[in-house]
Amino acid sequence: MYSRKYTPQYEWLEVELKKVDRSKAPWLIVLVHSPWYNSNTYHYMEGETTRVAFESWFVKYKVDVLFAGHVHAYERSHDKSTT
């Protein structure tokens, strides 16, 4: 599970985010399955566990864009972070 700290996935992501060289990769783009924020009531809170686990990292490491799938509707937002 992604939200459990110290799993291989959690540790891998932490290492990868720390080593991003913005002079070589000026854009930091993240893809997730379930959207963290959406207005579709049928999919309410489906991405909450990954949001809680990783949102602070994505703010800290200045992720430029986060794309999500799963919900078959188009939505966009900006700077929704609560951290």
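Each reported figure results from applying straightforward, stated rules to the coordinates on display, with no laboratory input. Quick caveat: nothing in here was measured; it's all calculated off a predicted structure. Every residue, glycine among them, receives a Cβ derived from its backbone with ideal geometry; neighbour counts consider all protein chains shown.
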**Q.** Over region 8-68, volume per residue of the alpha carbon convex hull, in Å³
**A.** 83 Å³
Q. Where does the longest stretch of the chain lie that holds no trypsin sites (Lys or Arg not before Pro) found in a DSSP loop with 11 or fewer other Cβ atoms within 10 Å?
A. 25-61
Q) Whats the longest run of the chain with zero chymotrypsin sites (Phe, Trp or Tyr not before Pro) that are DSSP loop and have at most 11 other Cβ atoms within 10 Å? A) 45-73
